[in-house]
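Q: Handing you a structure now.
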Amino acid sequence: MKKLKILSVEDAVAKVKSGDRVFIQGAAMTPVTLIDALCDRYNELSEVEIIQIHTEGKAKYTEEPYASAFSINTCFVAGNVRNAVNSNKGTYIPIFLSEIHNLFRRDILPLDVVFIQVSPPDKHGYCSLGVSIDITLPAIQKANKVIAQINPQVPRTHGDGIIHSSQIDAAIEVDEPIFASTITTPTEIEQ
């Protein structure tokens, strides 16, 4: 069984090459540290395709100067990628959430790299994918490389959202809060 490789963030994202298709885990588990470090490489990369559903955060890869190296192909149009999808910097795949896994499993969208955020491994070497599993597990199973952001603030969930650390090709360690929704007071119209 291969040992988990903890690298610097620069060395971890160096595994992404020009022309790669990169899937990014989304929602509360969006691995922002990995994404930002990848975006920092925009001068040395070209034609890197980002596949995602809903991600949280800025989505720097859709903004200049980073967008020169990246294109987005999303299965969900959230506010952080809407401008890119409405321009020539991104595309939208109209598909039901329940069908997205088939894009990976049937090699319709073969994946070179997957960016995920997970809990630290337990004593048996298992990491939790946390609270945003959705289509991430089939992406991990089909990708050539899995790069993880290991974060002790990721809640440990059970069921299908567990992977063994031997499935991770490179990892970085962070200790930062995951994304959370802010509850606002309903407006008069919402009431």
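Q: Count the DSSP beta bridges whose two residues both fall in region 112-169, then state the antiparallel fraction as a percent rounded to the nearest 5. Walk me through the numbers on the way to the answer.
A: Details: 3 of 9 bridges.
Antiparallel bridges make up about 35 percent of those DSSP assigns within region 112-169.
Q: While we're here: Of N88, N144, N73, which has the largest mean-square fluctuation in a 10 Å C-alpha GNM of the chain?
A: Sorting by GNM fluctuation, first place goes to N88.
Q: Among DSSP beta bridges whose residues both lie in the chain, state the antiparallel percentage, nearest 5.
A: Values: 3 of 29 bridges.
Expressed as a percentage, antiparallel bridges in the chain total about 10.
Q: Using only the Cα atoms of region 9-173, what semi-axes does the equivalent ellipsoid have when each is the square root of 5 times a gyration tensor eigenvalue? Give whole Å, largest first. List each step's numbers first, then the result.
A: Numbers: eigenvalues 113, 63, 41 Å².
So the equivalent ellipsoid measures 24, 18, 14 Å along its semi-axes.
Q: Would you mind working out the magnitude of the charge dipole of the chain relative to its Cα centre, with +1 at each Lys and Arg C-beta and -1 at each Asp and Glu C-beta, to the nearest 20 Debye?
A: Its charge dipole is roughly 600 debye.
Q: Scan the chain and hand back the longest stretch that contains none of the GluC sites (Glu not before Pro) lying in DSSP loops with at most 16 other Cβ atoms within 10 Å.
A: 64-187
Q: Can you list residues whose amide H is under 5 Å from D20's amide H, if they're 5+ apart or on another chain and H is modeled 1.01 Å from N?
A: E49
Q: Rounded to the nearest 500, what is the chain's calculated 222 nm mean residue ellipticity when only DSSP H runs of at least 4 contribute -39500 (n - 2.57) each, over all residues? Don't skip to the end; give the middle numbers.
A: Numbers: 5 runs with 33 residues, N = 191.
Dividing the helical sum by the residues of the chain leaves -4000 deg cm²/dmol.
Q: Here's another thing I want to ask about it. Loop-only check: which trypsin sites (Lys or Arg not before Pro) in region 68-138 are DSSP coil with at most 15 other Cβ within 10 angstrom? Mind showing how you got there, number by number?
A: On the way: sites: R82, K89, R105, R106, K123; in loops: K89, R106, K123.
Here the sparse-neighbourhood loop sites are R106, K123.
Q: Of K2/K58; K3/K142; K2/K89; K3/K60; K60/K145, which pairs sit farther than 27 Å apart, going by alpha carbon to alpha carbon? Before the final figure, lay out the partial values.
A: Details: K2/K58 34 Å; K3/K142 20 Å; K2/K89 38 Å; K3/K60 32 Å; K60/K145 22 Å.
Over 27 Å apart, Cα to Cα: K2/K58; K2/K89; K3/K60.
Q: Need the full-extension length gain, V131 to S87, defined as separation in residues times 0.36 nm minus the C-alpha distance. One decimal, nm.
A: Values: separation 44, 0.36 × 44 = 15.84 nm, distance 3.13 nm.
The span from V131 to S87 would gain 12.7 nm if fully extended.
Coordinate-derived values only; no laboratory data. All values derive from a computational prediction rather than experimental measurement. Cβ: placed from backbone, ideal geometry, glycine included. Neighbour counts: every protein chain shown.
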